[in-house]
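Following: one structure in structure tokens, then a few remarks.
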Amino acid sequence: MQRLLLDSRIILCTLSMLSNDKISTIVKIVPVETIIFDEASQIEIGGYLPVIHRFASSLRKMVFIGDDKQLPPYGQSDIPDLESVFEKQHLRRKMHFLDTQYRMPTPIGDFISEHVYNKKLKTIHEISSKTCCRFVNVSSGQEKQRSKSWIVSVCAKCIVSTHLRVNSERKGNSSCGQDCEDTAGPQQIVPGDNSIRCAEVCH
């Protein structure tokens, strides 16, 4: 095993794998001293106990990376009292907020900054035009259950239609005959309203 590790000092795995006996051989060679948890907002605080107990003799530091404004701990919809480390005030006092995002275009980043992060999130992105985001009306927007998920098939068709039209325009071809309607503005979109008016969708 030591030959296979080739002096590696970093173990990349899931939280549950750290509690698996199959990793015992590795941690004997590479003692666990620091653990960095990604997506920590989705981990119920009790999920860390097996790891803390197992590596108590070598563990020196735990780093939690996540966003409590996004997904909560798995299972919170069934058990509302589940908490992540971000709900613990003594840990929040030591939290560092990463205030700049580079992934989303500026108009989208600014909107999220204002409505989710109290205008504290900054954006650096080459796209700054407000036309980077469009709202689309879709007809017959009724949810139907498929297995354990809910789907809106008309919305899926509209997405495919819009994708084909945009690609066609980029290539200089004519777009498909019927398409989803762009709304005049975001104020016409009501989240969760299944009575939203729409045009026919290309097939």
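The values are calculated or read from the model by the stated rules, or taken from the named source; none is laboratory data. Please read all numbers here as calculations on a predicted model, not as lab measurements. Ideal geometry is used to build each Cβ from the backbone, glycine not excepted, and the neighbour counts take in all protein chains shown.
At-a-glance table
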{"read-out": "Filter result (surrounded by 12 or more Cβ atoms within 10 Å (Cβ to Cβ), of a type in the set (A, V, I, L, M) and free of Cβ contacts under 8 Å to residues at least 40 places away in the same chain) within segment 36-63", "value": "Ile36, Val51, Leu59, Met62"}
{"read-out": "Segment 1-53, residues that are small (Gly, Ala, Ser) and touching a strand residue (DSSP E or B) at 6+ places or on another chain (Cβ under 9 Å)", "value": "Ala40, Ser41"}
{"read-out": "Given (1) of a type outside the set (Val, Ile, Thr); (2) surrounded by fewer than 13 Cβ atoms within 10 Å (Cβ to Cβ); (3) closer than 22 Å to Ser84 by Cβ, index of the condition Leu18 fails", "value": "(2)"}
{"read-out": "Test: residue in segment 170-178 that is charged (D, E, K, R) and either assigned by TED's automatic domain parsing to the domain that holds Val63 or within 27 Å of Ser41 (Cβ to Cβ) (or both)", "value": "no"}
{"read-out": "Extreme residue, surrounded by the most Cβ atoms within 10 Å (Cβ to Cβ), among residues of segment 97-140 that are out of contact with any Cys (no Cβ under 8 Å at 6 or more places or on another chain) and either assigned to a strand (DSSP E or B) or of a type in the set (Gly, Ala, Ser) (or both)", "value": "Gly109"}
{"read-out": "Search result, residues across segment 1-15 that are more than 22 Å from the chain's Cα centre (by Cα), free of Cβ contacts under 8 Å to residues at least 24 places away in the same chain, assigned to a loop (DSSP other than H, G, I, E, B) and surrounded by fewer than 14 Cβ atoms within 10 Å (Cβ to Cβ)", "value": "Leu6, Asp7, Ser8, Arg9, Ile10"}
{"read-out": "Residue list for segment 43-76, restricted to those being part of a helix (DSSP H, G or I), over 17 Å from Gln89 (Cα atoms) and either of a type outside the set (Ser, Thr, Tyr) or touching an Asp or Glu at 6+ places or on another chain (Cβ under 9 Å) (or both)", "value": "Gly47, Leu49, Pro50, Val51, Ile52, His53, Arg54"}
{"read-out": "Residues (touching a helix residue (DSSP H, G or I) at 6+ places or on another chain (Cβ under 9 Å), more than 26 Å from Gln101 (Cβ to Cβ) and assigned to a helix (DSSP H, G or I)) located in segment 21-42", "value": "Ile23, Ile26, Val27, Ile29"}
{"read-out": "Considering residues of segment 159-177 that are surrounded by fewer than 13 Cβ atoms within 10 Å (Cβ to Cβ) and not in a helix (DSSP H, G or I) only, the residue modelled with the highest pLDDT", "value": "Lys171"}
{"read-out": "Test set (1) closer than 23 Å to Ser19 by Cβ; (2) of a type outside the set (Ser, Thr, Tyr); (3) touching a Gly at 6+ places or on another chain (Cβ under 9 Å) - Arg103 fails condition number", "value": "(1)"}
{"read-out": "Where a residue in segment 103-131 is under 16 Å from Asp67 (Cβ atoms) and outside the structural domain of Gln70 (by TED's automatic domain parsing) and its partner, wherever it lies, is among the hydroxyl-bearing types (Ser, Thr, Tyr) and assigned to a helix (DSSP H, G or I), with Cβ under 9 Å and at least six apart", "value": "Lys120/Ser113; Leu121/Ser113; Lys122/Ser113; Thr123/Thr106; Thr123/Ser113"}
{"read-out": "Neighbours by Cβ (under 6 Å, 6+ apart or cross-chain): first from segment 64-91, farther than 21 Å from Lys120 by Cα; second in a loop (DSSP other than H, G, I, E, B) and of a type in the set (Gly, Ala, Ser)", "value": "Pro73/Ser84; Leu82/Gly75"}
